[in-house]
Amino acid sequence: MAGKRAAAITDRRSEAPGDVAARVRAVLETVMDPEIPVVSIVDLGMLRRVEQGRDGVPEVVLSPTYTGCPATDVIRRLVEEALAKAGLAPVRVRYELSPPWSTDWITEEGRRKLAEYGIAPPQLKAHGDAPVACPRCGSERTELVSAFGSTPCKALRRCLSCLEPFEHFKCH
Amino acid sequence: MATATAEKLAPPKAADLVTLALRLGDDALVLGQRYAEWVGHAPALELEMAVSNLALDLIGEAQLWLDLAGRLEGEGRDADKLAYLRDVLDFTNLLLVEQPNHDWAYTVLRHYLYSVYHRLLIEGLSRAPEEAFREIAAKVLPEVRYHVKFAHSWVLRLGDGTEESHRRLQAALDRIWRFTGEMFTDDELTARLEAAGFPPLASGLKAAWDEEVGRTLKDAGITPPQPRQMITGGRIGHHGEHLGHLLAELQFMQRAYPNREW
């Protein structure tokens, strides 16, 4: 298996029937993170897989992000509502802890959307010491203002070139 | 020291696993509540964000452990029921985490002393024989490491800061030291679980804690008071006056409107 990330996201061993799974995934790509409305939960790497329950009901298996993230319950409800609205109910939604989510699971698309929105995306864990570039002007001359931002996942930084503050999605 | 091979280990008792999960959950819940008390009163705006994020991490962790305790117990209790419907005598948290915040120096020092122990404990638990414990430990470990970094940087900042910050930090250490022994106090539960293959849960963590904390205190220029009687009792529900007040606030809504949900 090509690495934990691949296994967690693309594991299709207990995949629901092709067309159902594809439709569910398509809906989940429209469920946006409540705090960062430009990225979907799929962009964030939260979708582990879509399974077929033993009773035939499809199951969406998600990964929680930060332990104390207050959006976790909200996201579950948003997923249930979106699936119901798309006529795909009944569907069960559950969270699985293991393997633990990492910011490495955020897709390339997700990273691009974060930067476009003004949030510096997280570095890959293997490059934890890489400089954080300003999402506005691209300069790598940035400094940490506060390890804690408006949400547990973000830190506050300042660009020393264009002087604008910005948030940085922390590597986790 | 004899080591037990896998075949000779007796499985842990279910009741012991419940109690361990409760202890882990109660420590996190009470400390989370203490951090939440700083919201609106933190010394700086940046720290308002910090305390709420730290509190959220801890309360999220408490939810995981308390939900596990409820599942293992099998009597229909979940994290909400355990957090809101137990009284003081049934709480199993360390006395260390229920102490009031006093001032910022005491708060960060308490957090640092607890977090180093907590990180050592969680690192061990990520290799526990029970999968449910391993899973939660693996999930919270990166966040606990973050907490150690945060608290450590503040201990150094205050210790090596102004005359006042140094004085307050030393006073905090003098006041808190007697509560640090409980983290490393073995009891029958820890003995049974360790015999069943669990990693060190108490005294086995002390050497590493002493070394790491010792270096930090030296860097911060503060000295622990002379050896004193260590105060214990939290693990068996013998709490001081403080926990009662904390729970009265935490549980107010359930006490005023029993079984109400919103």
- Message: Can you find a residue that is over 22 Å from the mean Cα position of the chain (by Cα) and within 12 Å of chain B (Cβ to nearest Cβ) anywhere in segment A:121-133?
- Response: no
- Among the numbered conditions (1) closer than 23 Å to B:L47 by Cβ; (2) modelled with pLDDT of 90 or more; (3) buried (at least 20 other Cβ atoms within 10 Å of the Cβ), tell me where A:V145 comes up short. (3)
- Message: Here's a check for you: in segment B:215-262, which residue that is farther than 19 Å from B:D90 by Cβ and charged (D, E, K, R) is surrounded by the fewest Cβ atoms within 10 Å (Cβ to Cβ)?
- Response: B:E261
- Item | Filter result (within 14 Å of chain B (Cβ to nearest Cβ), in contact (Cβ under 8 Å) with a residue 60 or more places away in the chain and of a type in the set (A, V, I, L, M)) within segment A:81-109 | none
- Hits in segment A:108-137 (condition: assigned by TED's automatic domain parsing to the domain that holds A:A155, of a type in the set (G, A, S) and over 14 Å from A:E167 (Cα atoms)): A:A126, A:G128, A:A130
- List, please: which pairs have Cβ atoms under 6 Å, are six or more places apart or on different chains, and start with a residue in segment B:44-71 that is at the interface with chain A (Cβ under 7 Å from one of its Cβ atoms) and end with one that is surrounded by fewer than 21 Cβ atoms within 10 Å (Cβ to Cβ)? B:E46/A:S146
- Message: Out of A:P17, A:P58, A:P64, I need the residue that is over 16 Å from A:A82 (Cα atoms) and at pLDDT 85 or above. Which one?
- Response: A:P64
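The values are calculated or read from the model by the stated rules, or taken from the named source; none is laboratory data. The model shown is predicted, which means the values in this text are computed figures rather than measured ones. Every residue, glycine as well, gets a Cβ built from its backbone with ideal geometry; the counts of neighbours run over all protein chains shown.
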